[in-house]
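Structure, as structure tokens:
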There are 2 protein chains.
Amino acid sequence: MKHIRIAATLVALSLAVSASAQQALSFKAPVKSPEVNPDNSVTFRYRNAKALTVQLQGDFLPTNAPVDMVEGEDGVWSYTTQPLEGELYLYNFVVNGERRNDPSNMHMNRDIATWTNFFTMSTKQGDKGWYYEVHETPHGTLARRWYNSPTLGADRRISIYTPAGYETSKAKYPVLYLLHGSGGDEDAWVDLGRTIQILDNLIAEGKAKPMIVVMPNGVYYNNAAPGYAVNMFQPTMLNSRSDSTKEIEDSFQDVISFVESNYRVAKGMYNRAVAGLSMGSRQSCAISRSHPGMFGYVGMFSGAVLADTPEAEAALAKQMDPKWAPKLYWIGVGSADGVKRNAVKLRDYCESKGYPVEYYESDGGHVWRNWRVYLTIFAQKIFK
Amino acid sequence: MKHIRIAATLVALSLAVSASAQQALSFKAPVKSPEVNPDNSVTFRYRNAKALTVQLQGDFLPTNAPVDMVEGEDGVWSYTTQPLEGELYLYNFVVNGERRNDPSNMHMNRDIATWTNFFTMSTKQGDKGWYYEVHETPHGTLARRWYNSPTLGADRRISIYTPAGYETSKAKYPVLYLLHGSGGDEDAWVDLGRTIQILDNLIAEGKAKPMIVVMPNGVYYNNAAPGYAVNMFQPTMLNSRSDSTKEIEDSFQDVISFVESNYRVAKGMYNRAVAGLSMGSRQSCAISRSHPGMFGYVGMFSGAVLADTPEAEAALAKQMDPKWAPKLYWIGVGSADGVKRNAVKLRDYCESKGYPVEYYESDGGHVWRNWRVYLTIFAQKIFK
């Protein structure tokens with residue numbers, strides 16, 4: 001890659017002022033935040049001479065409680081962490097008791113309706129953070145488009161990753177259908193899940209097969225993410241309902257038909273996988289059951305599969321015909337996740353029936369930090 | 001479209017709490033902000049019982065100065081505007097003198113390194129805001145991918161819009177190459193420019209020809225937008241240099257070759273247009289000159305074309321061979337834009353040489369609000 005040259009001239013200053021007419025410009029030296037130090041500790045900085053208290057909240061801290069930042073010269077508050085492992089970390093400041101983002105770090109992710117700063121760091125090739133970063137590997141393409149669902153009578157939005165070389169190859173590719181959770185949309189796995197980076201890196205390393213990854217919008221109450229939906233739609237996680245799996249389940253054949261008629265797709269159940277997180281894992285399980293013989297691999301990340309009543313277990317038994325058992329049921333869940341009980345029940349059920357099941361338990365709860373790990377693991381296990 | 005049903009149940013609450021472990025959750029009723037009222041005035045709300053002052057800054061206000069919001073019951077500050085016209089508007093709050101975003105509105109755009117809230121509104125079909133919104137029309141596809149530039153010895157990032165029907169058609173399409181400004185990247189025209197919505201809407205109305213729109217990363221010092229670049233790259237507008245047009249100009253044949261070998265493209269200069277804003281307009285002018293006979297339409301939005309020295313004008317004259325004059329030089333600039341003088345000079349130069357030139361002067365300055373309008377106009381004038 002071209003060496004990055006930074007010529008800090010003032011050539012464009014007059015343009016900058018007019019272009020930023022809406023913005024309060026500060027001519028004080030900007031602070032660098034976050035800054036990864038040589039020992040892999042990270043320093044956060046925030047300039048606000050008038051603030052009474054400034055705190056830092058982040059998923060790299062021992063607890064969820066905010067820690068105090070210390071005011072230094074010139075009104076710059078700072079905090080330095082212990083050395084950290086490679087990861088994608090989330091954080092925000094708390095200023096005078098109010099949550100706010102770090103104005104020095106433009107890296108932000110939207111989770112449902114909330115924007116949060118993030119940063120990635122890696123300490124060596126192959127650590128978690130390394131898979132979430134962009135490296136000088138061949139890069140796949142992300143298509144953000146719409147498909148028509150005759151079942152729903154609507155166009156719906158979908159994100160589709162094709163691996164590096166897809167456009168110039170004549171090969172047919174296996175497909176992973178990857179479903180988001182409640183309140184999410186077709187951007188969730190892309191932005192929060194770092195799916196593009198994980199797949200680019202795993203494929204470049206030869207650890208995952210080149211595959212297409214299909215990320216449809218799976219929320220029943222809207223057809224697209226904010227900015228791509230009609231009106232100023234604002235999603236909320238509480239827009240759920242007990243039968244929220246129904247529509248995506250009923251209409252999933254429309255997704256498959258669209259993909260298989262628009263992409264060079266290898267056929268057969270061993271070239272199809274379906275996986276999802278939380279609500280999406282419930283959908284993955286349901287879709288694999290309602291399309292027997294369609295999917296060779298099913299991934300349930302923090303699975304909220306409800307097999308904890310006799311009725312639910314009977315329904316599960318009825319639909320999980322051993323004849324069509326996938327090559328792999330992969331179940332991942334965090335030890336502190338509220339749905340762990342369900343995941344364990346499903347594992348036990350699969351084992352009692354002799355289904356091929358793998359169970360992976362990580363630390364932590366119902367969070368994207370786990371789902372990125374589960375995708376990284378699952379993607380290496382499929383289509384092989 | 002499916003009717004939007006909102007079932008405000010608490011089914012997912014336990015998940016919400018664990019999923020949002022990094023976030024300070026408030027169980028007070030959320031405030032709605034912004035809210036477009038029946039008379040097209042807009043109300044902004046912000047809850048902060050501890051704030052001493054809360055102000056609103058927005059490009060719909062008479063001046064750039066913040067206006068005071070008024071504290072009401074329960075610590076909710078509010079402000080209601082005059083009735084507004086259809087538009088995409090930008091705003092932020094100023095709390096205790098410090099700029100911050102509206103936590104109730106997840107619609108945000110990044111301009112270089114700054115995130116700002118936005119909202120769209122339209123009062124009738126065909127007003128400015130209407131073109132920036134998503135309607136129930138056929139939708140094109142946005143591919144976010146990389147191309148190889150042999151000239152630069154690097155992979156570089158590029159966003160490519162293909163119109164609705166491209167994938168299922170066998171037709172060949174004309175191509176608009178659309179270039180961003182200093183500090184921008186391959187996301188700028190997509191997110192700030194609302195290019196996808198403008199083109200979808202114009203094409204659906206029959207006002208623009210179905211076309212491919214190619215938006216390469218045109219910044220010399222990095223090859224991709226933040227999040228898609230190696231490392232935690234943070235762009236800044238001041239990373240400019242006097243010869244910043246050089247590399248994109250030198251390597252532009254690589255962009256054209258990539259597009260023409262990867263897409264079904266109609267050939268010939270009357271099927272190619274190049275346009276850009278600010279730095280991108282300088283590049284558009286330079287590229288059209290260095291590729292004589294390649295482009296039938298050249299758009300210069302807030303053009304910083306430097307023809308104000310005898311040397312620059314001589315260079316312009318040498319490269320603007322009337323034999324290869326495009327069908328249209330389209331120049332758009334704001335009456336308050338600092339580069340207006342250059343735009344007028346270029347217009348006069350083109351007219352003195354008998355080149356086909358159109359000049360459009362809008363209100364306002366060097367801002368995206370103008371560039372969206374210029375794209376809307378220019379897209380209707382090309383390939384016809």
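The values are calculated or read from the model by the stated rules, or taken from the named source; none is laboratory data. All values reported here derive from a predicted model rather than from experimental measurement. Heads up, the Cβs are rebuilt from the backbone with ideal geometry, glycines too, and the neighbour counts pull from every protein chain shown. Calculation scope for accessible area: heavy atoms of the full protein, side chains included, ligands and nucleic acids excluded. Shrake-Rupley method; radii C 1.70, N 1.55, O 1.52, S 1.80 Å.
Per residue of B:374-381, what is the mean number of Cβ atoms on other protein chains within 10 angstrom of that residue's Cβ?
Values: counts 0, 0, 0, 0, 0, 0, 0, 0.
Counting Cβ atoms of other protein chains within 10 Å of each residue's Cβ and averaging gives 0.
Which sequence of A:K207, A:K323, A:K267 reflects their accessible areas, 1.4 Å probe, from the largest down? Intermediate values should be presented prior to the final figure.
Values: A:K207 80, A:K323 150, A:K267 125 Å².
So the residues, ranked largest to smallest area, are A:K323, A:K267, A:K207.
Mind giving me the FRET efficiency for A:S41 and A:V344? R0 is 41 Å, r the Cβ-Cβ distance, nearest 0.05 is fine.
Values: r = 37 Å, r/R0 = 0.90.
E(calc), rounded to 0.05, equals 0.65.
Starting from the amide H of A:V95, placed 1.01 Å from N in the peptide plane, find each other amide H under 5 Å away whose residue is 5 or more places distant or on another chain.
A:Q55, A:R100
If one takes the accessible area of chain B alone plus chain A alone and subtracts that of the pair, with a 1.4 Å probe, what total in Å², rounded to the nearest 100, results? Don't jump to the answer; show the numbers that get you there.
Numbers: alone 18640 and 18670 Å², together 29420 Å².
When B and A are taken together, about 7900 Å² of accessible area is lost.
To the nearest 10 square angstrom, how much accessible area does B:T168 have with a 1.4 angstrom probe?
120 Å²
For A:V219, B:V67, write out the residues from largest to smallest accessible area, computed with a 1.4 angstrom probe and no ligands counted.
Values: A:V219 10, B:V67 35 Å².
From most accessible down to least: B:V67, A:V219.
Residue by residue, what Karplus-based ³J(HN,Hα) values in Hz, rounded to whole numbers, does the stretch A:293-300 have, using 6.51, -1.76 and 1.60 with θ = phi - 60° and x for Gly and Pro?
With the stated coefficients, the stretch A:293-300 comes to x, 8, 10, x, 9, 10, x, 10 Hz.
Which one of B:G365, B:W77, A:Q55 is farthest out on the positive end of the charge dipole of the protein assembly as shown, using unit charges on Cβ (Lys, Arg +1; Asp, Glu -1) and the Cα centre as origin?
B:G365
Would you work out if the stretch B:261-384 is rounded, prolate or oblate? Take a ≥ b ≥ c from the square roots of the eigenvalues of the alpha-carbon gyration tensor; rounded if a/c is under 1.5, else prolate when a/b is larger than b/c, oblate otherwise. Provide the component values of the computation, followed by the final result.
Details: a/c = 1.81, a/b = 1.14, b/c = 1.59.
Taking the square roots of the gyration eigenvalues as a ≥ b ≥ c, the stretch B:261-384 is oblate.
Quick one: 3J(HN,Hα) in Hz for the stretch B:197-213, Karplus 6.51/-1.76/1.60 with θ = phi - 60°, rounded, Gly and Pro as x.
Working through the residues one at a time gives 5, 4, 5, 3, 6, 5, 5, 5, 7, x, 8, 10, 5, x, 9, 8, 10 Hz.
For B:K353, which aspartates and glutamates qualify as cross-link partners when the Cα separation must be under 20 Å and same-chain residues fewer than eight apart are set aside?
B:D308, B:E311, B:E313, B:D321
Residues with amide H under 5 Å of A:A266's amide H, sequence separation 5 or more or different chain, H placed in the peptide plane at 1.01 Å from N; which?
For A:A266, whose amide H was placed from the backbone, the distant partners under 5 Å are A:Y173.
Past 27 Å, Cα to Cα: identify those pairs from A:K209/A:K318; A:K170/A:K207; A:K128/A:K172, in the order given.
Correct reply: A:K209/A:K318; A:K128/A:K172.
Pick from A:P356, A:P216, A:P62: which residue has the top mean-square fluctuation in a GNM of chain A where Cα pairs under 10 Å get a spring?
So, out of A:P356, A:P216, A:P62, the one fluctuating most is A:P62.
Whenever you get a sec, line up A:R347, B:R272 from highest to lowest accessible area (probe 1.4 Å, protein heavy atoms).
On the way: A:R347 55, B:R272 20 Å².
Listed by decreasing accessible area, they come as A:R347, B:R272.
Give, in nm to one decimal, the length gained when the segment between B:S169 and B:T151 is fully stretched (0.36 nm per residue of separation minus the Cα-Cα distance).
Values: separation 18, 0.36 × 18 = 6.48 nm, distance 3.27 nm.
Additional length available on full extension: 3.2 nm.
Residue-wise, which Karplus ³J(HN,Hα) couplings in Hz belong to the stretch A:101-106, taking 6.51 cos²θ - 1.76 cosθ + 1.60, θ = phi - 60°, and x for glycine or proline?
For the stretch A:101-106, the Karplus curve yields 8, 7, x, 8, 10, 7 Hz.
Using only the alpha-carbon atoms of chain B as identical scatterers, what base-10 log of I(q)/I(0) does the Debye formula give at q = 0.07, 0.12, 0.14 Å⁻¹?
-0.36, -1.00, -1.27
Go through the stretch A:134-210 and name the GluC sites (Glu not before Pro) that are in a DSSP coil and have 12 or fewer other Cβ atoms within 10 Å of their Cβ.
Numbers: sites: A:E136, A:E167, A:E186, A:E205; in loops: A:E136, A:E167, A:E186, A:E205.
Hits after loop and neighbour filter: A:E136.
Leaving out ligands, DNA and RNA but keeping every protein chain, what accessible area does A:L84 have, in Å² rounded to the nearest 10, with a 1.4 Å probe?
20 Å²
To make sure I understand the rule: partners must be aspartates and glutamates, Cα under 18 Å from the Cα of A:K124, and not fewer than 8 residues away in the same chain. Which ones qualify?
A:K124 reaches A:E35, A:D39, A:E85, A:E87, A:E133, A:E136, A:D200, A:E205.
Quick one: how many Å² of A:K327 are accessible to a 1.4 Å probe, rounded to 10?
Approximately 100 Å² of A:K327 is accessible to the 1.4 Å probe.
Averaged over peptide B:212-224, how many Cβ atoms belonging to another chain are found within 10 Å of each residue's Cβ?
What the average comes to for B:212-224 is 2.
For label points placed 7 Å from Cα toward Cβ, what is the shortest-first list of nm distances from B:D74 to its copies?
Here the equivalent label points are 4.3 nm apart from this one.
Could you look at the stretch A:101-146 and say what percent of its accessible area is carbon and sulfur, using a 1.4 Å probe and all protein chains? Show your work: numbers first, answer last.
Details: 670 of 1440 Å².
Carbon and sulfur: 46 percent of the exposed surface of the stretch A:101-146.
Quick one: compute the contact order of chain B, relative version, from alpha carbon pairs under 8 angstrom and 6+ residues apart, as a percent. Walk me through the intermediate numbers first.
Values: 744 pairs, mean separation 42.9, N = 384.
Once divided by the residue count of chain B, the mean separation gives 11 percent.
Starting from the Cα of A:K32, draw a straight line to each of the lysines and keep only those under 22 Å, dropping any in the same chain fewer than 8 residues away.
Straight-line reach from A:K32, under 22 Å: A:K50.
May I ask you to report, in nm to one decimal and beginning with the shortest, the distances from A:D363 to the same position in the other copies, taking label points 7 Å along Cα-to-Cβ?
Reported distances to equivalent positions: 5.7 nm.
In nm, give the distance between the simple-model label positions of A:A336 and A:A113, each being 7 Å from the Cα along the Cα-to-Cβ direction.
2.6 nm
Given the Cα atoms of the protein assembly as shown, and with Rh set as the inverse mean 1/r over their pairs in the Kirkwood sense, what is Rg to Rh to two decimals?
Details: Rg = 26.2 Å, Rh = 27.3 Å.
Computed over Cα atoms, the ratio is 0.96.
For A:T63, go 7 angstrom from Cα along the Cα-to-Cβ vector, then report the distances to that same point in the other copies in nm, smallest first.
Spelled out, the distances from A:T63's label point are 5.0 nm.
Quote the relative contact order of the stretch B:86-218 in percent (integer), defining contacts as alpha-carbon pairs under 8 Å separated by 6+ residues.
Numbers: 228 pairs, mean separation 32.2, N = 133.
Dividing the mean separation by the residue count of the stretch B:86-218 yields 24 percent.
Only bridges with both residues in the protein assembly as shown count here: give the DSSP antiparallel percent, nearest 5.
In the protein assembly as shown, approximately 65 percent of DSSP beta bridges are antiparallel ones.
So how far apart, in nm, are the two label points at B:E85 and A:D74 if each is 7 Å from Cα heading toward Cβ?
4.3 nm
Round to a whole angstrom and tell me the spacing of the C-alpha centers of the stretch A:78-105 and the stretch B:85-132.
25 Å
Counting helices only, and only those DSSP H runs with n ≥ 4, report the 222 nm mean residue ellipticity of chain B as the sum of -39,500 (n - 2.57) divided by its residues, in deg cm²/dmol to the nearest 500. Could you put the intermediate results ahead of the total?
Working: 9 runs with 92 residues, N = 384.
When only DSSP H runs of four or more count, the value is -7000 deg cm²/dmol.
Near the amide H of B:A143, under 5 Å away, which other amide H atoms are found, from residues 5 or more places off or on another chain, if H is placed in the peptide plane?
A:R144, B:I160, B:Y161, B:T162
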